[in-house]
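Quick notes on the structure that follows.
The values are calculated or read from the model by the stated rules, or taken from the named source; none is laboratory data. Keep in mind that this is a model prediction, so the values were computed, not measured. So basically every Cβ, Gly included, is an ideal-geometry build from the backbone, and we count neighbours across all protein chains shown. Surface accessibility is based on the protein's heavy atoms, side chains included, excluding ligands, DNA and RNA. Shrake-Rupley method; radii C 1.70, N 1.55, O 1.52, S 1.80 Å.
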Amino acid sequence: MAASAAEEDHLQLQNLRSKATELFLREEWNASIEAYSHFINLCTQTLSLSHSHPNQNQKLRRSLCIALCNRAEARSKLKYFDLALRDCDHALKLDATHSKTLLCKGKILLYLNRYSSALECFRTATIDGASENVNGYLERCKSLELLSRTGCLDLSDWIANGFRGKVPELAEHVGAVEIKKSEISGRGLFVTKNVDSGSLILVTKAIAMERSIIIGGVQDLSEDAQLAMWKNFIHKVSECVGKCGKTRGLVGLLSCGENEDELEVLDVGLFRPESVEKGEAEVGVGVGVDMVELVGVLDVNSLTEDAFSANVLRRGNDCYGVGLWLLPSLINHSCCPNARRLHVGDYLVVHASKDLKAGEEITFAYLDPLCGLGKRKEMGVNWGIHCKCKRCRFEGEVFSKVEIREIEIGFERGMDVGGVVYKLEEQMKRWKVRGKEKGYLRASFWEAYCETYRSERAMKRWGRRIPTVEAVVDSITDVVGGDHRLLKMMMEEMKKSGNSGAVEREKVFKMTRDVFGKVVKKQATRTLLELCIGD
């Protein structure tokens with residue numbers, strides 16, 4: 001009788017395993033997870049029976065190990081990474097050298113940017129003789145772990161190729177930064193050591209992104225299309241938050257726009273690639289998400305994407321997207337920013353656009369820094385930004401004066417642009433405006449300067465009575481940091497004057513680093529300039 005019952009159990013287990021394997025091979029992930037779960041439960045119960053034969057137990061343990069590994073693989077395909085890792089750990093308790101499980105766990109950890117832990121898995125998997133597949137992951141992981149540790153990012157080959165082909169694989173990297181209370185608003189991100197302009201500050205992957213290809217600019221994207229993008233984006237973030245304990249914990253720590261000054265100052269270590277939230281492995285499937293709270297967080301912290309390759313090449317179609325990057329969401333706005341961001345695939349690359357001193361807060365320009373105070377205030381309403389930086393305070397006083405208002409109105413009504421620039425420069429002399437304050441006003445009237453320098457007629461009339469392109473670009477760069485429009489103007493001026501000596505080339509090279517960061521080797525800068533700035 002007992003033998004007959006054991007045979008029935010054995011047959012049931014075989015049928016279950018065959019069914020689960022068939023579903024797995026057909027990539028029916030949810031169904032295979034359900035079948036493997038049934039098999040794993042029954043197998044575990046059978047193993048717990050004291051009268052099971054030792055040889056039978058050994059076979060069952062091997063079958064259980066494979067089932068756990070396959071369920072982990074299926075769960076990882078559905079992005080249930082916490083549960084998948086728990087399955088891998090269970091399987092490795094049964095067989096610590098099971099190469100298929102080690103490979104599966106390593107791939108999950110690599111996807112989660114936990115490079116050191118992934119490297120350990122791949123190395124262990126190679127002990128008994130690795131397959132070419134494992135060796136490939138091992139070498140790839142070594143490269144990403146080095147990049148994550150050092151921040152030595154190099155996009156030279158991709159740029160030299162005209163941004164064609166596959167977007168380079170990046171690794172998350174958090175440089176010398178800390179989170180502190182900010183005088184601007186709530187919390188902010190600060191450098192802990194001196195940082196040269198162009199130097200990498202951090203690289204981080206989006207929690208989720210939603211993109212659309214548009215023609216003619218974002219303004220041509222219909223309201224319905226924008227709403228659809230936003231709904232899809234919220235859904236994607238909600239899925240990630242519901243499936244990953246660490247993601248849910250970190251998103252929950254972000255601001256929803258209320259009581260900014262009461263927010264907890266976070267340890268930046270929470271955002272480093274190898275960090276693991278306590279209790280992460282205890283997360284259940286499909287944890288509920290407070291959608292009202294989540295929408296509030298996304299409304300305050302999501303960033304629009306200006307895709308690097310699409311933008312710099314000025315292709316007919318522009319890529320417009322929205323995404324959530326955790327650590328960069330703590331970077332506050334300033335109309336005199338000191339950092340810039342580049343979007344490479346789903347990664348956000350943040351670099352200094354000015355020299356930074358230890359203890360200085362990192363800031364982005366969420367509003368166009370090369371436009372006047374009025375336009376910046378209008379844009380600020382959409383972002384919920386009420387900027388009180390030194391520039392805005394200074395311009396708040398200056399733009400209330402009749403003389404500046406007259407210059408503004410004259411430009412708006414089509415006054416000769418050279419005359420606008422001349423009047424502004426003369427007014428600054430009368431008021432004895434010096435240093436950065438001169439740069440503030442020139443940045444606000446950049447459009448007038450730009451049109452003047454590009455107009456042969458305007459330059460013939462006003463050229464000797466207004467500052468040189470170089471002087472204006474230098475003063476604006478001093479206050480807003482690197483900007484591709486300023487770099488383009490310098491390139492155009494060099495081309496026009498035929499002046500391209502060593503000093504001028506070095507100046508342009510430095511400006512390129514301010515704008516794009518130190519992402520290319522010096523010899524590849526010419527290619528970058530031709531692709532991004534040249535006609």
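General remarks:
- The one condition in (1) out of contact with any His (no Cβ under 9 Å at 6 or more places or on another chain); (2) closer than 26 Å to Ser199 by Cα that Leu119 fails to fulfil: (2)
- Condition check for Glu262: farther than 30 Å from Lys166 by Cβ and modelled with pLDDT under 90: yes
- Within the range 173-200, the set of residues being more than 21 Å from Ser353 (Cβ to Cβ) and not basic (Lys, Arg) comprises just one member, Gly186.
- Only one entry of Val469, Val519 meets the criterion of being under 22 Å from Met415 (Cβ atoms) and aliphatic (A, V, I, L, M), and that entry is Val469.
- When residues of the range 298-327 are limited to those that are closer than 21 Å to Pro168 by Cα and in a helix (DSSP H, G or I), the one modelled with the lowest pLDDT: Leu313
- Restricted to helices (runs of 4 or more DSSP H) entirely inside the range 9-123, those with at least 2 residues that are out of contact with any Lys or Arg (no Cβ under 7 Å at 6 or more places or on another chain) and over 30 Å from Glu145 (Cα atoms) are 29-48, 54-77.
- The criterion of at least 1 residues that are of a type outside the set (A, V, I, L, M) and within 28 Å of the chain's Cα centre (by Cα) is met, among helices (runs of 4 or more DSSP H) falling completely within the range 345-428, by 373-383, 390-398.
- Considering residues of the range 186-204 that are among the polar types (S, T, N, Q) and surrounded by fewer than 17 Cβ atoms within 10 Å (Cβ to Cβ) only, the residue farthest from Leu254 (Cα to Cα): Asn194
- For first residues located in the range 248-275 and closer than 18 Å to Leu298 by Cβ, partners that are open to solvent by 60 Å² or more (accessible area, probe 1.4 Å) and among the hydrophobic types (A, V, I, L, M, F, W, C) and lie 6+ apart or on another chain with Cβ distances below 8 Å form the pairs Leu254/Val300; Ser255/Val300; Cys256/Val300; Gly257/Val300.
- Scanning the range 268-297 for residues that are modelled with pLDDT of 60 or more, in contact with a helix residue (DSSP H, G or I) (Cβ under 9 Å, 6 or more places away or on another chain) and outside any loop (DSSP other than H, G, I, E, B) turns up Val268, Leu270, Phe271, Met291, Leu294, Val295, Val297.
- Selection count, the range 250-267, where residues are open to solvent by 30 Å² or more (accessible area, probe 1.4 Å) and in a helix (DSSP H, G or I): 3
- Considering only residues in the range 164-185 that are over 22 Å from Leu263 (Cα atoms) and open to solvent by 70 Å² or more (accessible area, probe 1.4 Å), the one that is modelled with the lowest pLDDT turns out to be Arg164.
- Checking the stated criteria, Ser500 turns out to be surrounded by fewer than 20 Cβ atoms within 10 Å (Cβ to Cβ) and out of contact with any strand residue (DSSP E or B) (no Cβ under 7 Å at 6 or more places or on another chain).
- A search for C-beta distances below 9 Å between a residue of the range 490-511 that is free of Cβ contacts under 8 Å to residues at least 60 places away in the same chain and over 23 Å from Ser455 (Cβ atoms) and any residue that is open to solvent by 70 Å² or more (accessible area, probe 1.4 Å) and in a helix (DSSP H, G or I), counting only pairs 6+ apart in sequence or on different chains, returns Lys507/Glu470; Phe509/Lys522.
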